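Okay, structure first, notes after.
Please treat every number below as a calculation from the coordinates, not as lab data. Please read these numbers as outputs of a predicted model, since none were measured by experiment. Here Cβ is always computed from backbone atoms with ideal geometry, including for glycine, and neighbour counts include all displayed protein chains.
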Amino acid sequence: MRAMDSHRFAVLAPAAARLALLAAVSSVVGLLSSPTIGLSVAVAGLVALLVMHLVYTSLLAAWLERPDLDAIPEGWGIWSDVFARLYRVRRNTEQNERRLQENEERFRRTISALPEGIVLIDATLQIDWCNPVAEQHLGISLRADQGLRVTNLVRDPEFVGYMTSARFESALVFQPMARPGLALEVRVVEFELARSILITRDITQGERVDAVRRDFIANVSHELRTPLTVVNGFLEMLIDAQAENGATRQHHLQLMHEQAQRMHRLVEDLLTLSRLESRDTLVTDEVVDVGQLVREVADEARALSLGRHQINVDLTPGFVLGSREELRSAFGNIVSNAVRYTPAGGTISLSWHEDANGGRLNVTDTGIGIATEHIARLTERFYRVDKSRSRETGGTGLGLAIVKHVLLRHGGHLDVQSDVGRGSVFSAVLPPERLLAQSNAVVAVA
Ligand code: ADP
C-alpha cells in the first residue's frame, strides 16, 4: 500500500468504525426493543454526526477568512487531521513567504550597495525601482518618481535619444544637465521580455584624466611644432638660396640653433616631470647642504642675468634630508624665473631661513609681478601669464610644475605672493621633519 493510501486509510478507518458502531448499536437496540427505536437511535446518531460536521465546516470557513496560525481550531475525529494538515500547509507557506521577503530584501540591499546606479524599467520606460546611486546620478527619487517614465525625468536629448532608440549594444556617455560636472556612462540590459535594467556609472574621474591627457598631448605638440617649423623653414631657405651670403647663413644657423635648444629644453623638462610623476615616494634621502645649493643656483642666475640684475644671497646655514638633484632643479627654476621676469636693473634676493614651521627658501624679485587671478594656476603644465615673454626668455611653461612636484614629494609646498609691476616672492617651503640640526648633518655626511 502506498504511503498516501495508508494515510487515507488511517484517517477514514475511525470514521468508518464509528459508523459501524452506530449501525451495530442501533441494530442491537432494534432487536432488543423495537425496530422503530433502533431506527431512531441510528437517525439521532447520524444527525449528531451531521451537526458536528456542520459546526466544523463553519469553523473552517471562518478560519479561512483570516487564516491566522495561532487561531486554528482544534478538531475532533477526521477534523483534527484536517486542521493539523491545514496548520502545516499554512506554516510552510508563511515560512516560504518570509524567506522570499528576506531574499528580496537582501537582493535590494545588495543592489543598493553597488557603486553603479540601477534602475528597473518596464517596456514603456516607466521606473519600477531604483537604488540610491541611480537617484543621485539621474536626479530622480524612487518615492516620488516610481511609475513615471525615466525619459520624462531625465530630459537630456542624448539620453532620451538613446533610451528610445532601443539600440543598447554600446553604452552612452553623457553629462546630465541636472548634475553639472558629472560624466555618466549609461547601459541598458534587457532581462525579461518587457523589463530592462538601466545601469549608470560615474566616469567623471576617467573623463577628467582623459581631458588632461588630451590637453597635454595637444600642448606638447603645439610647443614642438613652432620651433620645428622655424628650423624647417630655414633649412629650406639654406637649400634653395645658393646665393645667400655668409653672414645671412650664419644668422639663420644661429636662429636654428636657438630653436633646437628650445626643443631640447622642452624635452628635458618633460622627462624631468615624467620622472617625478612616475615615482610615488622619494627614493633618495641625502643630506643636502642648502647653503651650498643656493650659492650654486645664485651663480647660475648671475650667468643667466649677464650683469643686468643685482643678485643677493642671505643665508643661515641649513641641512635638509631629500634629493639633491630634485631640490636643485626646483630652486633653479624659481631663481631663473626671477631673472627672466625681472627687467634689467632689478634686484633678486635669495634667503634661507628655518623655524618651527620648517625651512623656507624665499626668492624675492623686483620684476613684472603676477595678477592674483593667475597665481593659483601657475603650477599647471604650460600655464603662462604672458606666452610671448615666456618664450622670448626661453621658458618651457613647465618650470613651476616641476617645482610643485619636487616640493610635494618632499612634503613641502610652494607659496607665491606678488604685486603687478612691483615684484614677487616665490617661497619653497620644506616641512620641519626634513630639517637636520647641523651636528646631525655633520655626522650623517661623515
Ligand atoms: P615658464 O617657462 O613660462 O617660465 P613656469 O612654469 O616656470 O614657465 O612659470 C609659469 C608662468 O608663471 C610664467 O610663464 C610666468 O608667466 C609666471 N612667472 C613665473 N615666475 C615669475 C616671476 N618671478 N615673476 C613674474 N611671473 C612669473
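Computed over the alpha-carbon pairs of the chain, the distance histogram in 20 Å steps reads 16, 25, 22, 14, 10, 8, 4, 1 percent, short to long. Highest mean packing first, where packing is the average number of other Cβ atoms within 10 Å per residue, the peptides 44-50, 139-145, 93-99, 290-296 line up as 290-296, 139-145, 44-50, 93-99.
With R₀ fixed at 25 Å, the C-beta to C-beta distance from Ser165 to Ala211 puts the FRET efficiency at about 0.40.
As a rough guide to protection, the peptides 78-89, 337-348 ranked by mean Cβ packing within 10 Å, highest first, stand as 337-348, 78-89. Amide H contacts of Gly367: Gly423, Ser424, each under 5 Å away and 5 or more positions distant or on a separate chain (H built 1.01 Å from N in the peptide plane; Pro and chain starts excluded). Can you grab the distance from the C-alpha centre of the range 53-113 to the C-alpha centre of the range 373-427, Å, no decimals? Using only Cα atoms to place each centre, the spacing works out to 77 Å.
Using a Förster distance of 35 angstrom, determine the FRET efficiency expected from the C-beta separation of Arg389 and Gln136, and round it to 0.05. Step by step, r from the Cβ atoms, then E = 0.15.
Kirkwood radius, the range 2-103, all distinct C-alpha pairs, inverse of mean reciprocal distance: 16.4 Å. If I model the range 214-277 as equal point scatterers sitting on the Cα atoms and use the Debye formula, what is log10 I(q)/I(0) at q = 0.25 Å⁻¹? For the range 214-277 at q = 0.25 Å⁻¹, log10 I(q)/I(0) is -1.02.
Relative to its Kirkwood radius, the Cα radius of gyration of the range 286-445 gives an Rg/Rh of 0.96. Two numbers describe the Cα atoms of the range 64-120: Rg and Dmax, which are 18.6, 60 Å.
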